[in-house]
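Chemist: The structure follows.
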Amino acid sequence: MAVILFTTFAPVIFYDPLTYIKDDYNNTYTVRHCSTNYSGEVKIPSTYNGLPVERIGDEAFAFCTKLTSVEIGEGITVLGNFCTFYHCSSLESVVIPSSATCIGLSAFEGCSSLTSVYYKGTEADWQDITIVASEHDEILKATRYYYSESEPTDEGNYWHYDADGNVAVWE
């Protein structure tokens, strides 16, 4: 007696330096992989092929040792369940959208250069994010800044986009 198993996979779409996988059930995309040879900054878009990008997959950026900064698009809710940016040793900063609801286990572990986390929400919103971090996860050690379009009057760590669209800390 012969047993025949059929397995179907969602199509993987390559877009240098990112690879996406489509979730046909939710009609969304997940960032599945980034080329480990990629260097500099990467912007993860909110949409791809006209559909929302909802997640960054497990280990999607693991060992991207030349990556220096990441800007995650608004609408992305989950930053992997496991080791999303694991050992990105040159990663200095990350912009996290206010839509983020979960930062997975060891997401930024081994990111020894991570010094700045720019969050697009408020401090109270940050407290609502589920962060499954180990004691070695650098996201807990980095300086966190909260988004403010106009110069804040109260003290704290705040940031905005300058006229050129770059991240700038309010001094």
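Chemist: So what's segment 82-122 giving for Rg/Rh, alpha carbon basis, Kirkwood Rh from the mean inverse pair distance? Kindly include the intermediate steps, with their values, before the conclusion.
Modeler: Numbers: Rg = 10.3 Å, Rh = 10.6 Å.
Rounded to two decimals, Rg over Rh is 0.97.
Chemist: Output the Cα-based Rg and Dmax of segment 26-90 in Å, rounding Rg to one decimal and Dmax to a whole number.
Modeler: 11.4, 34
Chemist: About the Cα centre, and with charges only on the beta carbon of Lys, Arg (+1) and Asp, Glu (-1), how big is the dipole of the chain? Nearest 20 debye, please. All intermediate terms of the calculation are to be shown ahead of the outcome.
Modeler: On the way: 8 positive and 24 negative charges, 157 e Å.
The calculated dipole for the chain is roughly 760 debye.
Chemist: Hey, any idea what % of segment 23-171's accessible area is carbon plus sulfur with a 1.4 Å probe? Write out the running numbers ahead of the final one.
Modeler: Working: 3250 of 7370 Å².
So the carbon and sulfur contribution to the accessible surface is 44 percent.
Chemist: With n ≥ 4 as the cut-off for DSSP H runs, can you work out [θ] at 222 nm for the chain, using -39500 (n - 2.57) per run divided by the number of residues, rounded to the nearest 500?
Modeler: It comes out at -500 deg cm²/dmol, rounded to the nearest 500.
Chemist: Then there is this: What number comes out for accessible area per residue over segment 65-171 if the probe is 1.4 Å? Units Å², please.
Modeler: Values: 5120 Å² over 107 residues.
Accessible area per residue: 48 Å².
Chemist: Additional query: About the Cα centre, and with charges only on the beta carbon of Lys, Arg (+1) and Asp, Glu (-1), how big is the dipole of segment 51-110? Nearest 20 debye, please. Before the final figure, lay out the partial values.
Modeler: Values: 2 positive and 7 negative charges, 12 e Å.
The dipole of segment 51-110 has a size of about 60 debye.
Chemist: For the pair F63 and A124, what calculated FRET efficiency results from E = 1/(1 + (r/R0)^6), where r is the Cβ-Cβ distance and R0 = 30 Å, to the nearest 0.05? Intermediate values should be presented prior to the final figure.
Modeler: On the way: r = 34 Å, r/R0 = 1.14.
Step by step, r from the Cβ atoms, then E = 0.30.
Chemist: Could I ask something else about it? So what does log10 I(q)/I(0) come out to for the chain at q = 0.09, 0.11, 0.13, 0.16 Å⁻¹, using the Debye formula with one equal point on every Cα and no solvent?
Modeler: Once normalised to I(0) and log-transformed, intensities are -0.32, -0.46, -0.63, -0.93.
Chemist: Would you mind telling me which residue in L79, L91, L140 has the biggest mean-square fluctuation in a Gaussian network model of the chain, where springs connect alpha carbons within a distance under 10 angstrom?
Modeler: L140
Chemist: Let me ask something else. Roughly what % of DSSP beta bridges within the chain run antiparallel, to the nearest 5?
Modeler: Values: 16 of 44 bridges.
Taking every DSSP beta bridge with both residues in the chain, the antiparallel ones total about 35 percent.
Chemist: Which cross-chain or sequence-distant (5 or more) residues have an amide H under 5 Å from the amide H of D58, H modelled 1.01 Å from N in plane?
Modeler: N81, F82
Chemist: Positive end of the dipole of the chain, charges at C-beta (+1 Lys, Arg; -1 Asp, Glu), about the Cα centre: which of T65, C102, V132 has its Cα farthest in that direction?
Modeler: T65
The values are calculated or read from the model by the stated rules, or taken from the named source; none is laboratory data. Fair warning: this is a prediction, and the values are worked out from it, not measured in the lab. Please note: Cβ atoms are built from the backbone with ideal geometry, for glycine as well, and neighbour counts cover all protein chains shown. Areas reflect the complete protein model, heavy atoms only, side chains present, ligands, DNA and RNA absent. Shrake-Rupley method; radii C 1.70, N 1.55, O 1.52, S 1.80 Å.
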